[in-house]
Structure formats: C-alpha cells, structure tokens
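Worksheet: one structure, shown below.
The values are calculated or read from the model by the stated rules, or taken from the named source; none is laboratory data. No experiment lies behind these values; they were computed from the predicted model shown. We place every Cβ from the backbone using ideal geometry, glycine too, and count neighbours over all the protein chains shown.
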Amino acid sequence: MSEITSIEPQVKDKRRCSIFIDGRFYCGMKLEVAIKNRLKVGQSIDKEELDRLQLETEKSEAVDRAMTHLSSSPKTEREMRTFLAKKGYVEAVVDFVVEKLKGYGYLGDGAYCRSYLEGASGKSKRAMEAELLRRGVDRTTVEEELADYSDDEEEIFALLEKYLRGKERTRENIYRGCRYLISKGYDYDKVKSACGRMGDGEDY
C-alpha cells in the first residue's frame, strides 16, 4: 500500500488536483472525483485503485484533449504518450486514448511518416530518416515508408546552384558546395554527379 501525502489544486485548472503518493507526484484528477471518493492526505491506497478511478472518470476528457492536441499537427504515438503523461494521466488512460485514436485512424506512425514526407521538401532521405527517428517513429516503420524514396539529382543540382549563387563557380567553391550537400545527408554519388555537371564534368 502507498500513502497519499498531498492533494493540491492545479494552478492552470482549478477543477483538477494533483495527487502525490509517498511524496511524489502520481497523477492529476478531477477535484469532484477526489471529493466523491473521499481521497485525503494520510490515506493508504493502492496505486491500482487510483488508476481505476482515473480510467473510469477521465478517459473521455483525455480523448478530447488528445484530439485538440492533434488538431494543430500530426503526432507520433510517442509524442502523444508524452503529452498525455505530462497532463497527469496514468498509463492505463494513456493506453486507452492511444488505442482509441488508432481505431479512429487519427494516430499511427505510418500515416505520420507520410504526412511528414509530403511537407519535407529540401531535405535529404538520410536527414528525414534521422528526424523521424528523433520524433519517436520506430525504425521499421521509417524504413518501410522511405523504401521507395530516393534523393533526386535534379533537386540536388538546384540546391547546389542555390549554394553557389553570388559566388564564383571555381573548383574550390563547387567542392565546398559538394561537401555541404553531403553534410546534409544527400546521396554521395548523386552529389558527385551534380557537382561534376556544374564543373563541366570534372571529377569531384
């Protein structure tokens, strides 16, 4: 058994309170639920009982919050889980919301990848892969969604032209442009080919 050591009104929402177990924050809860169930400081309680109370009384509100969070931009499953946890929802509620959103088709890492790729112009395949992994998409999903994607040489050539704008097209500057594009994750052979075109076929 654990002990409720503090019940504090939340600053941003007076209708909710923060419940501390054994001196540490455990979860947020509607104040009316805490009062109805006579939760009080010094009370011994199973954490599973708090989980049950929150799941029964707050899953609908948690879904609404998650939907509002999604309305601004697509989210990965990990991003959504982190958001809900920071709002004070216990794991059982987070699991419920995530599965509900998946069922609605609003949450899924594959769909998130496709949405991200649609707006990721000007980025190399390697850079997009790294960014998706950083955002919490699992590697298998990333590899599947990027399987048919490859860096476009014409796009690389256009980026090189942009880099050289206002510069003399010397071998040294073209080489610097070549290294710059490679540092951004673009395919080495395609960068080399684009630089060769820029330098009248010279080997870079």
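Select from the stretch 77-107 the residues that are outside any helix (DSSP H, G or I), of a type outside the set (Ser, Thr, Tyr) and surrounded by 16 or more Cβ atoms within 10 Å (Cβ to Cβ) and list them in ascending order.
87, 88, 90, 107
Would you tally the residues in the stretch 138-168 being modelled with pLDDT under 85 and surrounded by 18 or more Cβ atoms within 10 Å (Cβ to Cβ)?
Total satisfying the criteria: 1.
Specify the residue that is farthest from residue 79 (Cα to Cα); the eligible residues are those in the stretch 8-66 that are basic (Lys, Arg) and part of a helix (DSSP H, G or I).
So the residue we want is 36.
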